[in-house]
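Readers should treat all values here as calculations from the given coordinates under stated rules, not as data from a laboratory. Keep in mind the model is a prediction, meaning the values are calculated, not measured. When we count neighbours, we look across all protein chains shown, and the Cβ atoms used for this are built from the backbone with ideal geometry, even at glycine.
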Amino acid sequence: MRREGRTPCRIGPTPRVAPLRDRPETAPPFGPATLVRTVILRDPVHGLVRFTAPEDAIVVELLDTPEMQRLRRIRALGLASLAFPGAEHSRFGHAVGAAHVMKRFLARMDELEGVCPQAARMDPTDRAVALAAALLHDVGHGPLSHTFETLGGPKIRHETWTERLLRDPSTGIHRVLAARGDDFVDRVVGLVFGRHRLLHLARAVSGTFDVDRLDYLLRDAYMTGTRYGLLDIDWLLESLRLVPRDDGRGGDLAVDDEKGLAAVEGYFLARLAMYRQVYLHKAVRGAEMVLRSLVARARALGDVPGPSALREWLSEGTLPLDGFLSLDDGVLATAISAWASHGDPILSDLARRFRDRRLFKSIPLEEDADPDAVRAVLSEAAERRGYEPRHYVAIDRVEIGLLEGEELPCVLRGSVRQELLDASQLLRELSSRPFVHHRAYAPADVRADVAGRVPGAIGL
């Protein structure tokens, strides 16, 4: 029975709706529509992330490559989930977030580049290069992200693997980039390393406020459940200014003093807090100490279970590209589970400790504590317990320089340029000395045995 005022339900075949990835960008009045592949994603940090403009096509094509999909199997924060259970997010999500932030940066530059001559502004190819570089900047990470680079053998940084991956003709990423022109690969590689004819674009990928940092601080804070990394990205982008250069290389990024100085200070404070409270958390570092000892033991033994690429990495310290790309968090975890039942008691014990989260315990140390004296006390106690000290005792000292190595933006007070440290008393004070995390690590029973006897220990 129909009720007045209500529209009856229509029962019948559902009208076909074009999939998001195949919808026409426009519906021209004459002629066929041009199909543009698009992507709209939900992101816990940025909300709706849209790659729907013609210039975004490079991102959509790259997302489908096997090398980008591999990043889904690599945790962005390595072992942080052992201290922060929510920190299971992948490098893939971070890469997508960085590309989204780059879109926002490009939009802001559209508003600011008018101060530069036409030749010193971004062209469509520059924009495609920027989006590709933002998406691909971390594609060369190994299992557990940065942790992989600390596991001994010849240290090959993820940036080196990234360049190899982008340049190797066998990769899907290379094929997508090379299809854009003869020099497109070179231009993307250059921008990944912070090289570009326009300095303001170079700084967006490798600089103080680059898109990598702006995404990972927000993402890591959200996924760990902390609030330390919450920075005001909206106001930070809004406060950016562009000071034209005389050499034709675009402009220098600056910050409006009245609007942006507080946001800049908040950014640096957020970064410092995330390092002190998350990235260098005592349990995270304790897990890394166990894993380093475990891998060192596996490398010393030589013939341990695992896929051929992992065993080659253990024996040779490096890999061909296809072998490297076969490694991810799951491959490493499977090998460690196999090592837990190995006949070598040290390897099996360390593997079980890592797998079951029986980590080394920390002993906080004074900044100037003598590491040799600390190691001697812990090693003696470890030997009494039947542990081999070189595998069960570790000293961890990390210095954090808040502004060390940074190319800082200037601050604009009207038309007057001022150095950032001259404009901010807060950052000037915080940059005057490094923050030091100094700890010793050993099994829980060893730490209990040395209570009150470790030179330079704090609170033990």
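If each DSSP helix of 4+ residues adds -39,500 (n - 2.57) and the sum is divided by the residues in the chain, what number results at 222 nm, nearest 500 deg cm²/dmol?
Value at 222 nm, helices only, nearest 500: -13000 deg cm²/dmol.
Tally Lys/Arg at +1 and Asp/Glu at -1 over every other residue whose Cβ is under 13 Å from the Cβ of C410; what's the total?
That works out to -2.
Using a simple spin-label model with points 7 Å from Cα along the Cα→Cβ vector, what separation in nm is obtained for R73 and E111?
4.2 nm
Where a Cα-Cα gap under 25 Å defines reach, which lysines qualify for K103, not counting those fewer than 8 residues away within the same chain?
Output for K103: K259.
Report Rg(Cα)/(2.2 N^0.38 Å) for segment 39-280, keeping two decimals.
0.99
What full-extension length gain, to one decimal in nm, is calculated for F435 and R357 as 0.36 nm per residue of separation minus the Cα-Cα distance?
Roughly 25.3 nm would be gained on extension.
Could I have the simple spin-label model distance between D43 and R104, label points 7 Å from Cα toward Cβ, reported in nm to one decimal?
Going from the D43 label point to the R104 one covers 0.8 nm.
Shape of segment 191-254 from its Cα gyration tensor (a ≥ b ≥ c, root eigenvalues): rounded if a/c is under 1.5, otherwise prolate when a/b > b/c, or oblate?
Oblate.
On a 0 to 90° scale, report how tilted helix 329-339 is relative to the longest principal axis of the chain, with both axes built from alpha carbons and the result rounded to the nearest 10.
With rounding to tens, the tilt is 20 degrees.
Lysines near K361 by alpha-carbon distance under 23 Å, same-chain residues fewer than 8 away left out - which ones?
K282
Given 0.36 nm per residue, what is the gain on full extension from V398 to R428 after removing their alpha carbon distance, in nm?
Length gained between V398 and R428: 8.7 nm.
What list of ³J(HN,Hα) couplings, whole Hz, do you get for segment 157-165 from phi and the Karplus terms 6.51, -1.76, 1.60, once you set θ to phi - 60° and write x for glycine and proline?
In residue order, the calculated couplings are 6, 5, 5, 5, 4, 4, 5, 4, 5 Hz.
Multiply the residue gap between R453 and T318 by 0.36 nm, knock off their C-alpha separation, and tell me the result in nm, one decimal place.
44.5 nm
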